[in-house]
1. List the cysteines of the chain that have no other Cys Cβ closer than 4.7 Å: which are they?
2. Compute for segment 95-222: radius of gyration divided by Kirkwood radius, i.e. Rg/Rh, restricted to C-alpha atoms, rounded to two decimals.
3. Take segment 355-403, compute every pairwise Cα distance, and split them into 5 Å bins from 0; I just need the percent in each bin.
4. For the chain, take the longest principal axis of its alpha carbons; what is the angle in degrees between that and the long axis of helix 291-300, to the nearest 10 within 0 to 90?
5. Compute and list, largest first, the equivalent-ellipsoid semi-axes of segment 240-322 from the alpha carbon gyration tensor, each √(5λ) rounded to a whole angstrom.
6. With a 1.4 Å probe and all protein chains left in place, how much accessible area per residue does segment 237-352 have, in Å²?
7. Return, for the Cα atoms of segment 1-159, the radius of gyration and Dmax in Å, separated by a comma.
8. How much of the accessible area of segment 94-148, probe 1.4 Å, is carbon plus sulfur, in whole percent?
Amino acid sequence: MSQTALRSARWFGGDDLAGFIHRATLHAEGISRAALVGRPVVGICNSWSELVSCNLHFRALAESVKRGVLLAGGLPLEFPTISLGENLMKPTTMLFRNLMAMDVEESIRAYPLDAVVLLGGCDKTVPAQLLGAASADVPAIMVTGGPAQPAVFRGRQLGAGTDLWHYADELRAGRMTREEFDELEAAATPGFGHCNEMGTASSMTSVVEALGMCLPGTATIPAVDAARQRAAEATGRRAVELAREELRPSRILTAEAFDNAITLLMAVGGGTNVVLHLLALAGRVGVPLTLDRFDEISRRTPVIANVRPTGKHLVEQLHRAGGVPALLKELLPLLCAEAATVTGRTLGEEVAAASVLDREVIARLAAPLAAEGGIAVLRGSLAPDGAIVKQSAASPALLRHRGPALVFEDVYDVQARIDDPGLPVTPESVLILRNSGPRGGPGMPEWGAIPVPQKLLRRGVDDVVRVSDARMSGTAYGTVVLHVAPESYAGGPLRAVQDGDPVVLDVAERRLDLDVPEAEVRRRLDALGPPEPRYRRGYGALYAEHVLQANEGCDFDFLRARPGEAAEPEPYGLLSGWVGGW
Ligand code: FES
């Protein structure tokens, strides 16, 4: 490939003043002309931050990527973006996913990059980078951070979130002491890496592999394993080839790739957040993906991964059992094997040599853990535009249920009343949480897994039906209906529910209904009027004005691909050819 075919040659290839300035800028970093001109420039988009403990090892990972880029004859240039730390960022990282995606997209487009390596790990960093890279459509490949080492508490290996929710309920039920809970806190997070069960992070990183956007077999390598550094090196090498081949995300992120990703998500009982991210990503590349496709694929895809919260093991065991390639090999009859990947080979070719090494962790397609996929899509008078439930992590006895609503106005109302001994709750109650959607939360926080009231826990009841317009952690479990659309803040029927109203859940029929006459719901909504906006200025106001509802992935309306329009133009500005003055 000639020098001029490289995108970066527009910056560095000219004999004019612009070329001089661009080259001289990198000479200031000690990079010589020989190291720069004619070589693919590979950006390393690093979401390292001391505010994101899951991604704390990314500086070392970036060094491995650089080694790979250099070995393959490219020039690596690392750059930061904002990063999204799931536990520390308030009100929720989801509020900022689109902001990070814009940061990633504009950084890739504005700089002289021929390819980019995306370093993501914690929940929202991975989808934000994918969204940005998809929109920029410069050749891109991802290497993720890997699951954290399991904590051990009193002889039991802990999942980062799933076990915490369990022990939190034990404390509230009086079956665990405060001292024991403090002991748990000290043991719970032994190091860097993302959550190590099939929560949002591991679901999303596994889905990246099924989409074909990372090297095969890399999603589940533990964060502390030196194999991850070698995978980063290999990713750097491949990025240089991607630049030369001009293999762009738009050639990989096809409708077939999304079907493969959804199939994997269902087969691992993966996190519900991934539904939002895939809907948003499809919107970026013009693939017409809807919630109905998730339901269709869920109905035909059995759960075969025995990993928490749906199953028993952690992602580390899944890795030892063969990881994502082994899962995909088992799922091949349900996949589009011809889908392209960043390796330049098809998904089918990549997994052909994979094999399942532990049938306790990866079940046979013919003898699955559950006949249907983990996530079901519901519709009905309470969710006209859809809602989802993670049926694989729910109580089978509650999947068909009719009960009286017990309404919480927001998370603060939950906090104030959930453990009140006088709370009028029974095991039949349906707990409703509203004002927690994309606009109402704001940012659709993970408040949907409302704690089971203490009054019920003490009676031995550990699950009730819960319904909200919020999300929930991918590590959570229970009969929890989420992502109700339209959200209450946007005037959805959830806003009109009153205590005692009958709510009907029927997962087999895919229904979620409010058994109140439609005219009465309309009358209540009219009487309530619209809510006050959460923000009047800044990013929050932009977000509220442009965020789409959950059934469209909560992307901004102006970031979706527009039918018939090509990708955004290359940057305007003073590239080679300019001979003007400073
Ligand atoms: Fe970062 Fe779970 S908190 S991945």
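The values are calculated or read from the model by the stated rules, or taken from the named source; none is laboratory data. Everything numeric here is computed off the predicted structure, so don't read it as measured data. Every residue, glycine among them, receives a Cβ derived from its backbone with ideal geometry; neighbour counts consider all protein chains shown. We work out accessible area using only protein heavy atoms, side chains counted, and drop any ligands, DNA or RNA first. Shrake-Rupley method; radii C 1.70, N 1.55, O 1.52, S 1.80 Å.
1. So, Cys45, Cys195, Cys214, Cys336, Cys554.
2. Radius of gyration relative to Kirkwood radius: 1.11.
3. Per 5 Å bin, starting at zero, the Cα-Cα P(r) for segment 355-403 comes out as 5, 15, 19, 20, 15, 10, 7, 6, 3, 0 percent.
4. Computed tilt is about 80 degrees.
5. Listed largest to smallest, the semi-axes of segment 240-322 are 26, 19, 10 Å.
6. I get 30 Å² per residue for this part.
7. Considering segment 1-159 through its Cα atoms, Rg and Dmax are 17.9, 68 Å.
8. C and S fraction of accessible area: 61 percent.
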